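Q: Submitted below is the structure of interest, expressed as structure tokens.
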């Protein structure tokens with residue numbers, strides 16, 4: 001049973017095996033409650049050091065020679081490191097492009113592997129950008145594909161997995177889902193849904209953007225076909241750090257990227273006039289990767305790899321359970337409604353609340369009380385627990401300050417007119 | 001008439017109006033002759049300072065708030081700065097993705113604007129990566145497109161523009177050319193070829209990778225349809241810095257990117273479930289851009305913008321003329337053959353030489369004599385003149401050291417077996 005005191009939160013921090021990891025991050029303002037590591041992770045100290053070395057020494061001094069000293073191999077080397085976090089054996093993950101561009105490559109590749117099938121299944125909890133990419137692919141291919149969105153339960157909090165599974169039929173080419181839903185934090189059963197896809201002969205793409213680095217993922221174990229994900233949330237890779245894609249080894253010789261870039265060609269520096277895809281995951285690379293962003297992100301992975309996903313998940317569950325208990329006791333009486341699953345087995349590492357003044361509440365939290373959560377249309381605030389640096393006291397204090405916004409009616413001076421970009 | 005002495009080179013440096021700009025770059029080793037700014041530009045001091053501020057302050061301290069403090073608008077803001085270097089009025093250039101991905105978007109967009117036409121024209125001097133992207137688009141669209149490559153003259157040194165223009169017919173959808181050829185440095189007449197394309201109702205994409213930042217470009221003035229280019233060569237943006245694309249305003253409402261990313265949507269943070277392209281150049285953005293690479297590159301543009309393209313071109317022509325004169329006098333007797341146009345109006349900012357031992361000569365230059373040129377298959381060495389920091393003494397000294405490689409037969413200890421990636 002949790003206690004409501006700050007002392008109790010401090011005790012939890014003292015007992016936390018991962019607490020020392022916070023020292024590995026730059027914390028410029030100890031009073032700031034940064035509850036948005038699920039959107040942009042904090043800066044790891046070694047990433048800052050790497051960025052400076054990379055610019056001043058690798059670019060500034062070794063110049064073009066950097067390509068022969070670790071830059072060229074980076075997309076696959078860093079891919080294998082990320083692979084170790086998502087249950088992918090070596091040679092199946094590449095770091096390249098953005099999540100959107102990678103999803104585009106894989107959607108096209110998958111649809112071309114299932115000619116004659118017309119359904120693409122997702123659900124209403126998925127990230128809209130994933131819909132857009134699919135809609136663009138459908139428009140381009142002009143082959144009569146339909147995007148089918150299965151519904152949700154509990155007012156958009158949990159997936160209706162039964163409906164989702166029923167939506168997959170023998171005309172289904174592809175299923176595209178986010179592993180953790182961006183609004184509610186709902187966590188899907190990868191194994192069950194992947195099996196359901198395969199039972200009908202369909203392929204599946206998992207978008208791991210909101211789960212990678214926060215919880216165990218077993219792509220090989222679940223026989224997933226494809227996955228994409230971003231590296232700037234729980235992996236702390238830095239704003240817009242390059243994304244990754246996973247192609248199961250079983251599909252690597254038949255699946256093809258539509259973007260035939262030179263980094264995906266066999267022997268690109270032979271400058272052969274005709275394209276021939278490289279063997280393996282390399283063929284899903286396209287152009288020259290953004291090295292400053294990529295190698296800074298590589299360094300940023302170290303705290304995650306060091307802590308290990310199992311320990312991160314244990315703390316994440318403990319923190320989101322604690323946060324939900326405080327929400328129940330302290331925020332529900334003020335009109336907040338939990339908008340995340342109560343079952344930790346169905347929940348990622350952020351917790352959402354709903355309130356009809358959330359847009360103004362979020363503004364007041366940031367401007368007046370030094371709390372950074374994030375707001376999502378139309379009425380959601382998300383609090384992200386990033387186990388590498390979020391403390392239990394951060395969580396306790398976040399709930400206290402949120403109460404204050406309501407109690408002191410601090411939100412009332414803010415406009416409900418939307419602006420801002422994140 | 002040039003003189004062969006080092007004194008003469010020193011005099012040219014003293015008279016050079018751009019000479020002070022070299023101070024704006026990090027020069028760690030004054031003895032190093034870096035003649036490869038056409039592959040990877042040197043590190044501008046202010047880019048190094050920006051990278052550090054960006055990581056430690058913007059990411060480390062403002063965290064997610066950085067998106068509201070200049071990150072979000074960066075693709076168009078930096079695009080407009082690059083636009084000012086290529087004759088593009090504001091609102092027509094965006095920085096996003098890699099050159100390959102951008103070329104892919106524009107090839108698909110262009111082919112969809114010319115349905116029923118089957119020819120895509122390029123020539124044998126183009127960069128192979130551009131062929132690959134076109135080949136991939138042809139394969140994907142399965143609409144019977146043919147890639148036609150017009151020939152060259154002078155053993156691959158100059159384009160056969162007459163043949164090129166004759167290749168454009170009423171069945172031609174698209175012409176794709178590099179503005180400056182990567183091997184010989186041949187510089188195309190944008191106006192003439194664009195007019196020839198339009199006369200047949202075809203569209204044209206110019207790849208500016210080897211010209212941007214080194215010479216005047218007038219995209220609007222020539223009524224070019226589309227362009228792409230990279231930012232890590234003469235623009236000094238850093239390894240793999242994001243690329244740019246140009247879409248003429250006249251085409252912005254009809255052309256569409258096949259990659260429907262959220263950054264290209266109207267009001268992306270409304271999280272609407274259906275895609276609707278943003279107005280203007282924004283619709284050619286895709287996913288979240290790599291901010292560290294992008295904003296470091298923005299700072300790196302300052303020396304180019306400060307110097308002005310006219311002054312850069314004057315010095316570039318003067319330097320390549322000087323280099324060619326030294327090649328004629330000092331390297332031709334040793335078996336080197338000039339592999340770049342003699343007419344400066346047909347030449348970019350690098351000068352190529354051919355020798356059947358070029359692969360071993362390039363290795364010896366770098367390993368023994370501290371010169372970095374670059375080698376291109378099968379028998380080419382390119383010497384890049386980057387007017388912002390290349391000195392006349394660098395050029396003089398490069399020719400002296402190249403003579404020494406032959407005179408002392410230094411290349412003979414190196415293997416002719418290909419390795420390395422750049």
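Only the coordinates and a few stated rules stand behind these numbers; no lab work does. Just so it is clear, the model here is predicted, and its values are computed rather than measured. With ideal geometry, Cβ positions are generated from the backbone for all residues, glycine too; neighbour counts draw on all protein chains shown.
Q: Rounded to the nearest 5, what % of the DSSP beta bridges within the protein assembly as shown are antiparallel ones?
A: 55
Q: On to the next question. What are the nm distances, shortest first, from residue A:13 to its equivalents in the other copies, labels at 7 Å along Cα→Cβ?
A: 5.8
Q: Could you tell me how many degrees, from 0 to 90 and to the nearest 10, lie between the Cα long axis of helix A:392-407 and the main elongation axis, the longest principal axis, of the Cα atoms of chain A?
A: Computed tilt is about 60 degrees.
Q: Given springs between every Cα pair under 10 Å in a Gaussian network model of chain B, which of B:394, B:225, B:189 has the largest fluctuation?
A: Residue with maximal mean-square fluctuation among B:394, B:225, B:189: B:189.
Q: Taking the Cα atoms only, what angle lies between the long axis of helix B:291-300 and the longest principal axis of chain B, rounded to 10 degrees?
A: Tilt of helix B:291-300: around 50 degrees.
Q: Hey, could you grab the Kirkwood Rh for the stretch A:329-422? Inverse mean 1/r over distinct alpha carbon pairs, Å, one decimal.
A: 13.7
Q: Working from the pairwise distances between different alpha carbons, so that the mean of 1/r is found and then inverted, what is the protein assembly as shown's Kirkwood radius in Å?
A: 28.0
Q: What share of the DSSP beta bridges in the stretch B:49-305 is antiparallel, in percent to the nearest 5?
A: 40
Q: Nearest 10 degrees, 0 to 90: what angle lies between the long axis of helix B:309-326 and the longest principal axis of chain B (Cα atoms)?
A: That helix lies at roughly 40 degrees to the long axis.
Q: For peptide B:234-240, how many partner chain Cβ atoms fall within 10 Å of a residue's Cβ, on average?
A: Averaged over the peptide's residues, the number is 6.
Q: Step by step: find N for the stretch B:49-305, compute 2.2 N^0.38 Å, then divide the Cα radius of gyration by it. What's the final number?
A: 1.02
Q: Distances in nm, one decimal, shortest first, from residue B:151 to the same residue in every other copy, taking the label point 7 angstrom along Cα→Cβ.
A: Here the equivalent label points are 6.9 nm apart from this one.
Q: Pick from A:244, A:25, A:226: which is most flexible by mean-square fluctuation in a GNM of chain A where alpha carbon atoms under 10 Å apart are linked?
A: Comparing A:244, A:25, A:226 in a Gaussian network model of chain A, the most mobile one is A:25.
Q: Now for a separate question. Semi-axes of the equivalent ellipsoid of the stretch A:137-243: what are they in whole Å, largest first, if each equals the square root of 5 times a C-alpha gyration tensor eigenvalue?
A: 24, 17, 15
Q: Something else: Treat the count of other C-beta atoms within 10 Å as a stand-in for reagent exposure and order B:297, B:35 from fewest to most.
A: Exposure proxy ranking, most exposed first: B:35, B:297.
Q: Then there's this: When a footprinting reagent is the concern and you count Cβ atoms within 10 Å, what order do A:123, A:139 take, fewest first?
A: A:139, A:123
Q: How high is the relative contact order of chain A? Use alpha-carbon pairs under 8 Å, at least six apart in sequence, and give a whole percent.
A: 22
Q: Considering chain A as a Gaussian network with a 10 Å cut-off on Cα pairs, which listed residue, A:80, A:379, A:272, attains the greatest mean-square fluctuation?
A: Ranking A:80, A:379, A:272 by mean-square fluctuation puts A:272 first.
Q: Inter-copy label distances at residue B:417, 7 Å along the Cα→beta-carbon direction, one decimal in nm, shortest first?
A: Reported distances to equivalent positions: 7.1 nm.
Q: Can you put A:382, B:376 in order, fewest other beta carbons within 10 Å first?
A: Least to most surrounded, the residues fall as B:376, A:382.
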